[in-house]
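Here's the structure we're looking at; comments come further down.
What follows is calculated from the coordinates using simple rules that are stated; it is not laboratory data. Since the structure is predicted, the reported quantities are computational estimates derived from the model, not experimental observations. Neighbour counts run over all protein chains shown; Cβ positions are idealised from the backbone, glycine included.
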Amino acid sequence: MLGLLPTPTTGWFTAIAIAAAVAGVVALWRSPGRWGLPGDLLVSGAAAGLVGGTGLVVLATRGLNIFGVAHLAYLAVVVTLPLLGAALAIRTATSDTDGRPVAGAAAAALLLPGIVGWYGTHVEPRRLRVERVEVELDEDRDGDDPVRIGVLTDLQTDDPGGYEHDAVDRLLAEEPDLILLPGDLFQGSPVAFDEHEADMRALLRRLEAPHGVYLVRGDVDIWDRADRLVAGSDIVLLDDESVDVEVGDRRLRIGGHRLRYWSSEAAALREELDGAPEDGTIRILLAHRPDAALHLPADARVDLVVAGHTHGGQIVVPGLGPLFTASEVPRSVATGGLHEIAGNPVYVSTGVGMERGQAPQVRLFAPPSIGILEIG
């Protein structure tokens, strides 16, 4: 019996949302109307909720996770409710009862989330921007030349194509001195990775800068994926280790975390960056998750932490902020941009791609970005 049940996929989530809408529409049209519009909407919502809840229970037996629950909730708002609104609008237009203005307003309110959902699903995820940030340095740092750093993170694609190549084009057009990659390159099944590995390697090989390209592993860079993708390229994979770079008259030390920023190896790297004798270098900590900054002492000797991971929250509610950040840093920091945590500058990129798998593939008020950091 379990083998006949669906696995949690976008297609099944959408089918459940539409089935819930159909149940709600049938209930709306068959409602006796004895309790007026509020009663009709309550009956319709109960019917839709029953079908949607049943679908959730069924998928829960097939590995539904928290992202899948969020996906179902998102589709309930942007698919089920607007379809109910459309049915209410049609019923109102063909009815001669009093109260048509109120019913029409209710229908419009139910239709609005559909417009927002269309924008968040089909428009904003491709509205890539270049975020330019100036980072001030302590006067004790040696040299006067500016350093231009490109940040490209969270590609998180399952099918690299024109959009990902456009992101690389736009980054290279900025002519950065060096490029930092805070991880999350490819998100997909082992079969999908094998299918697209050559395309991903071709994409990453295009990344080049006069003073190098540096990568740390992200959450989806599991097994040996990162190693395979950078093989044969000039990208340097930093596993709890540091590298020294000279840009003009500036000296930089870039330390790269593994994903386990709480490990003893990661702590040793932070101590190396923070506790090394003063030599005027610019010290940068590259990590996938911005949480690494929480493990630095206040006012550490590290000049900048560069991270990704949060996608800017991916869905941001105006006035409330991101609904979910998968991070323990303050939500204002996780939203993206340059901030300070305990006196330590932290730059969090909103990233290029989106969470995939069971997650709703949507961005709302959290547009994708590549970063250009002007240091000094």
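Each of the peptides 213-223, 283-293 was scored by the mean count of other Cβ atoms within 10 Å over its residues; in descending order, highest first, they stand as 283-293, 213-223. Equivalent ellipsoid of the chain: semi-axes from √(5λ) of the C-alpha gyration tensor, largest first, are 47, 22, 18 Å.
Ranked by the mean number of other Cβ atoms within 10 Å per residue, highest first, peptides 39-52, 68-81 order as 68-81, 39-52. Among complete DSSP H helices in the chain, those whose alpha-carbon atoms stretch at least 20 Å along the helix's long axis and whose mean Kyte-Doolittle hydropathy reaches -1.0 are 10-30, 36-60, 100-122, 190-205.
Taking all Cα pairs closer than 8 Å and separated by 6 or more residues, the relative contact order of the stretch 2-122 comes to 29 percent.
The mean sequence distance of close C-alpha pairs (under 8 Å, at least 6 residues apart), as a share of the length of the chain, puts its relative contact order at 19 percent. The Cα atoms of the stretch 116-162 cover 50, 25, 14 Å along the three principal axes, with the biggest extent listed first. Can you check what the net charge comes to around Glu131, using other residues whose Cβ is under 13 Å from the Cβ of Glu131 (Lys, Arg +1; Asp, Glu -1)? That works out to +1.
Taking GluC sites (Glu not before Pro) as exposed when their DSSP state is a loop state and no more than 16 other Cβ atoms lie within 10 Å, the longest site-free interval of the chain runs over 1-135.
Counting every pair of alpha carbons in the stretch 9-129, the share spaced more than 16 Å apart comes to 62 percent. Note on the stretch 263-374: antiparallel DSSP beta bridges, both residues inside, total approximately 50 percent of the bridges counted.
Rounded to whole numbers, the Karplus 3J(HN,Hα) couplings from phi for the stretch 361-368 are 8, 8, 10, 9, 6, 8, x, x Hz, using 6.51 cos²θ - 1.76 cosθ + 1.60 with θ = phi - 60°, and x at Gly and Pro. Would you mind ranking Asp138, Asp177 by Cβ crowding within 10 Å, fewest neighbours first? Listing Asp138, Asp177 from fewest to most nearby Cβ atoms yields Asp138, Asp177.
The residues neighbouring Gly275, those whose beta-carbon lies less than 15 Å from its own, together hold a net charge of -3 under the Lys/Arg +1, Asp/Glu -1 convention.
Computed from backbone phi with θ = phi - 60° and the Karplus coefficients 6.51, -1.76 and 1.60, the 3J(HN,Hα) list for the stretch 300-314 is 5, 6, 6, 7, 6, 9, 10, 8, x, 6, 7, 6, x, x, 6 Hz; x is used for glycine and proline.
The share of Cα pairs per 10 Å bin across the stretch 272-376, counted from zero up to the longest distance, runs 15, 45, 28, 11, 2 percent.
For Asn344, list long-range residues whose amide hydrogen, built 1.01 Å from N in the peptide plane, is under 5 Å from its own amide hydrogen. Residues meeting the criterion, in which the H sits 1.01 Å from N, are Asp299.
Counting charges near Ala334 (Lys, Arg +1; Asp, Glu -1) among other residues having Cβ under 11 Å from its Cβ returns a value of 0.
Across the stretch 123-140, computed HN-Hα scalar couplings (Karplus, 6.51 cos²θ - 1.76 cosθ + 1.60, θ = phi - 60°) run 10, 4, x, 10, 8, 5, 10, 9, 9, 9, 10, 9, 10, 7, 10, 5, 5, 6 Hz from first to last residue, x flagging Gly and Pro. If you count the DSSP beta bridges with both ends in the chain, what percent of them are antiparallel, to the nearest 5? Among the beta bridges of the chain, antiparallel pairing accounts for roughly 40 percent.
Please arrange His122, His339 by counting, for each residue, the other beta carbons lying within 10 Å of its beta carbon, fewest first.
His122, His339
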